[in-house]
Amino acid sequence: MYRHNLILALITIMSTLAAEAEAQSVVGESNQGANVPRLVVNILIDQLRSDYLDAFSPLYGPDGLQLLMREGTIYTAGEYPLHHPDRASAAATLATGTSAADHGIVSMYWMNRETLRPMYCVEDRTVKGLVTVEQYSPKWLNVSTISDELKVATDGAAKVFSIAPDADAAILSAGHAADYCVWIDDQTGFWASTSYYESTMPLWADHRNTHQSLDQRLKKELWRPLVTENANFSYFLSRPVDKSFEHVFKGNQQYVSFKTSGLVNDEVAATACMAVEMSELGDDATPDYLAVSLYAGNFEHNAVSTMPLEIQDTYVRLDRAIAAIIETVEKKVGKGNALFALTSTGYSEEEPTDLSKFRIPSGTFDVNRAVSLLGMYMVAVYGQGDYIESTLGTEIYFNHKVLEERQINISEFQSRAQDFLLQLSGVKDVFTAQRLLQGAWTPGISRMRGGFNPQRSGDLRIQVQPGWHIKTQDTSIIGTHHQPKIARESHIAFPIILYGTGIKPEVVNIPVTVDCIAPTLSKAMRIRAPNACSQAPLK
C-alpha cells in the first residue's frame, strides 16, 4: 500500500513538472514571437552625409531624425565594401548583403559588350512598363535580397513593397519577388511600375496618380523653404547667402529636376504612408517588408556652395518625411512592433571647383585621349588591329574576339596596357581584371574587387589622382552618378541607424559595412540571410 501511494505521488510530481515545463515553453515561444517585427522598414537615403546630418539638427523636429538618434542604435562609421558606390550599386549592396562582385550591379550603367552601348542596370526589353514607356526589371541582379528570402521563408505570405524616386533604387531594393515596386516616371511625373511584378498598379499608387498627381501640382507648386527659421540658420560660412529661395518646375526636365529637390522627400513619404494605410502591411504576425528611398543631395546637382539654403531645406524635409513614415507605421502596427534601418548611398556628388586658383595640384585627365594613345601603342606592339572595343567612364573594354583570333594572351595584353597608362599624367593607379581577380589582398584592392564583376566591368579601370578633373564623352549619356567630375579619395562619413523592435539606444563608433544590414534584418525576422551574404549580423 505504501509503495502504491509512493508511485502515485511520483507520477503526480512528474506530471506537474512536465506541465510547468510545457507552460514555460509556450511562454518562451510567445515571447520569442513578440520580438519578431511585424513590419521592417529599410530606408536608403541618397547622398546622406554625417556632417550635414549633424549640422542641421537644430532644424529637426522631435519625431524624425532626432527620434532615431535618441532611441536608436547608431553606427557612426558606415562604409561600403565597394570603391566609389553610386545609387544603384549601393541599393543592390544594401538589399543583398554582398558586393557587386556577387550581385552584379557594378554601377548605374555598364557597357553592354554585345551592343557596345551603355546599359541601364535595370533595363529589360522582355517586360512592359506600367504608367510608363520604360521597360525595367531586376533581371541583372544576380543573387537574392532580404525581401526575396522573406518571401521564400513565408511561402509568399509576407508582403513586400518598394517605393523610390528612381527606378534603379526602387527595383534593386525590391528584389525579384516583391509584390509592388513603384517610382516616379521622368517623363510624366506619375508613379510607375513594371509588369515584372504585377500586371496592374497598386491601389495606393493609382490613388496618388489620380487625385494628387505631380503633373497637376507642379503647375502651381513652388519650392520654398519649409520653415522661416531655416532662412536664419546657415552651416555654410564661406559667403553671405540670400535669406530665401524659390524654384519652379517646368519644361521637359521638370520631373527630373523635381527629384533633386527637397520636395521629393515629401512626395515619397506621402506615398509610403498611403501604402501602409491602404494595404495589409503589418496586419498579421508574419513579418512584412517596406523599402523606401529618399534624397539628400543638392538641387539639380549644383555645387552646395552656390545653393546652401536648398541643401538645408532638403534635410529639413528629409527629417519631416522620416517622421511621417515612422508615425504612420507605428500607428498601424504599434510602437516596438516595427524595425527601421536607415543608411546612406555612401557617396556625394562633387562640385567642379577650380583648384588651380588656390595652387592645389590639379589637372584634366582626358579618358578618350588616353585611350587613343593606348590604341596606337598596342598597334605598334602587336600590329594593326582594333584592340579597344569601348570605354565607359574610366573603364576600358578590350576586343576579346580580336585578341583570341590573334592568339594574344589577354593577361599579358592587360599588363602591357597597365604599364603604358601608368606613365600618363594624372594616373594614380590602373587595375586590370587579372589583378582584381587574382592579385594580392590589400584594403584598397578589397574595395576595388568589391565593385568589380568580370561579366560587366571593363578590362582596365583607371584611378585618377585626387583633385584631377575627369573628361569623358559619355557624361551626357550616364549623368553624374556614374563617374565623379573630380577624382576624390576622401572619405564620406555616414551613419547606419537601427530603431524599433529589440533595439536599445546606443552609439557604436567602430567601422561597420553596409552589407551587415541584410543579415541583421534577416536575423530579426528569423529568416535566412540573402544567398550571397557572408557577413555576420550586427549586435
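When MET111 is tested against (1) touching a strand residue (DSSP E or B) at 6+ places or on another chain (Cβ under 6 Å); (2) closer than 21 Å to ASP429 by Cα, exactly one condition is not met: (2). Picking from residues in segment 522-539 that are open to solvent by 30 Å² or more (accessible area, probe 1.4 Å) and not polar (S, T, N, Q), the one that is modelled with the lowest pLDDT is LYS539. Residues that are open to solvent by 70 Å² or more (accessible area, probe 1.4 Å) and basic (Lys, Arg) within segment 441-451 comprise just one, ARG447. Looking at this structure, is GLN438 farther than 21 Å from ASP386 by Cβ, without any contact (Cβ under 8 Å) to a residue 40 or more places away in the chain and open to solvent by 50 Å² or more (accessible area, probe 1.4 Å)? So GLN438 passes the test.
Among the residues of segment 414-433, are any in contact with a strand residue (DSSP E or B) (Cβ under 6 Å, 6 or more places away or on another chain), in contact (Cβ under 8 Å) with a residue 12 or more places away in the chain and on the phi > 0 side of the Ramachandran plot? The answer is yes; a qualifying residue exists. Restricting the first member to segment 87-101 and to residues that are open to solvent by 10 Å² or more (accessible area, probe 1.4 Å) and at pLDDT 95 or above, and the second to residues that are part of a helix (DSSP H, G or I) and basic (Lys, Arg), the beta-carbon pairs closer than 8 Å and six or more apart or on different chains are SER99/ARG449; ALA101/ARG449. Among all positions in segment 146-167, there is no residue which is of a type outside the set (D, E, K, R), over 13 Å from the mean Cα position of the chain (by Cα), closer than 25 Å to SER446 by Cα and open to solvent by 20 Å² or more (accessible area, probe 1.4 Å).
A single member of ASN302, ASN337 is within 21 Å of THR73 (Cα to Cα) and not basic (Lys, Arg), and it is ASN337. Within segment 172-188, the set of residues being open to solvent by less than 30 Å² (accessible area, probe 1.4 Å) and touching a Ser or Thr at 6+ places or on another chain (Cβ under 7 Å) comprises SER173, ALA174, GLY175, ALA178, CYS181, VAL182, ASP185.
Per the conditions (1) in contact with a helix residue (DSSP H, G or I) (Cβ under 8 Å, 6 or more places away or on another chain); (2) more than 18 Å from TRP468 (Cα to Cα); (3) part of a loop (DSSP other than H, G, I, E, B), the sole criterion not satisfied by VAL381 is (3).
The values are calculated or read from the model by the stated rules, or taken from the named source; none is laboratory data. Since the model is a prediction, treat every value here as computed from it, not as a measurement. Positions of Cβ are backbone-derived with ideal geometry, glycine not excepted, and every protein chain shown enters the neighbour counts. Only protein heavy atoms, including side chains, enter the accessible area calculation; ligands, DNA and RNA are left aside. Shrake-Rupley method; radii C 1.70, N 1.55, O 1.52, S 1.80 Å.
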